[in-house]
Each structure stands twice: as structure tokens, then as C-alpha cells.
Amino acid sequence: MDCIFCKLANGEIPTNMVYEDEKVAAFKDMSPVTPVHILVVPKKHYASLEDISYEEMDIIADIHRAIRKIADQEGFAKDGYRVINNCGKNGGQEVDHIHYHLLAGKPLTKLVTD
């Protein structure tokens, strides 16, 4: 498998890692859209949320625990932040490895949905 996020999360490619535990890795996005833009990924490969079996859904809780720790560690928890997960091509997912965008560092506009 030639997955860039697997390689970044498991240290095969150097990155600006901001958090790591046995299941989850988080690193700064190379093309940030906000002053703080961190990608949070499981170390095990899952293409998207739809690729995770119901028996393995605990990984989502692990990711969200990591996000809370990162927000505290990086000092933006009290000011607020946004967490985004794009799922599948029509959902805007560009890399076939489930990942969460953690955005902070400025006021974020409201999302408009129809």
C-alpha cells in the first residue's frame, strides 16, 4: 500500500508531528487554511469512516480523545476550534485514509448547509 498518511503517521516520512500515541498521530497540514491546521489520523489504515467495522469504531473515540489533548496542549481549547472529517469522494475527501482536520487560531465563519 502506498498511503502518504500511513507513511507520515508511522514515521516513514518526516513530518511536523504535534501528537502521537500508539493508535493516533497528528501533524501540521502542509497547506494550512487557518493559522492552526492539524491533521489527526489513525496509524492503522482505514480508507474512510465507511471502511471501519462496527467492532473497530473505538478508534473514532481514540481520535477524539487525541483532538481534546491537542487542543489543550497547543493552547486553543478555550478559544474554540473546528473538527472536520470528509467522507468519500462526494464528501470532499482527497486522501483515502480517514483523517480529521483540526482548525483553530482565528474566528471561523459559520458553515452554510442546504
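The values are calculated or read from the model by the stated rules, or taken from the named source; none is laboratory data. The model shown is predicted, which means the values in this text are computed figures rather than measured ones. Don't worry about glycine lacking a Cβ; one is built from the backbone with ideal geometry, like all the others, and counts go over all protein chains shown. Remember, those area values only see protein heavy atoms, side chains included, never the ligands or the DNA or RNA. Shrake-Rupley method; radii C 1.70, N 1.55, O 1.52, S 1.80 Å.
When the helix-only estimate is applied to the chain (DSSP H runs of n ≥ 4, each -39,500 (n - 2.57), divided by the residue count), what is the mean residue ellipticity at 222 nm, nearest 500 deg cm²/dmol?
Value at 222 nm, helices only: -6000 deg cm²/dmol.
With a 4.7 Å Cβ cut-off, tell me which Cys residues in the chain come up empty for a partner.
So far as the 4.7 Å Cβ criterion goes, 87 stand without a partner in the chain.
To the nearest 20 debye, what is the magnitude of the charge dipole of the stretch 4-104 about its Cα centre, counting +1 on the Cβ of each Lys and Arg and -1 on the Cβ of each Asp and Glu?
Here the stretch 4-104 has a charge dipole of around 280 debye.
Considering only protein heavy atoms, what is the solvent-accessible area of residue 17 at a probe of 1.4 Å, reported in Å² to the nearest 10?
About 60 Å², rounded to the nearest 10.
Taking a threshold of 25 Å on the Cα-Cα distance, which of the pairs 69/89; 28/110; 23/106; 69/106; 44/106; 78/110 fall above it?
Over 25 Å Cα-Cα: 69/89; 23/106; 44/106.
Output the Cα-based Rg and Dmax of the chain in Å, rounding Rg to one decimal and Dmax to a whole number.
That works out to 13.8, 41 Å for Rg and Dmax.
Can you send over the carbon and sulfur percentage of the accessible area for the chain, probe radius 1.4 Å, protein chains only? Walk me through the numbers before you get to the answer.
Numbers: 3610 of 7290 Å².
Carbon and sulfur: 50 percent of the exposed surface of the chain.
Kindly provide the GluC sites (Glu not before Pro) of the stretch 1-104 that DSSP labels as loop, not H, G, I, E or B, and whose Cβ sees at most 16 other Cβ atoms within 10 Å.
12, 22, 94
Give the long-range amide H neighbours of residue 18: residues separated by 5 or more places, or on another chain, with amide H under 5 Å away, using H modelled in the peptide plane at 1.01 Å from N.
26, 27, 28
Write down the accessible area per residue of the chain in Å², having rolled a 1.4 Å probe over the full set of protein chains. Please list the in-between numbers first.
Numbers: 7290 Å² over 114 residues.
With the other protein chains kept in place, the chain gives 64 Å² per residue.
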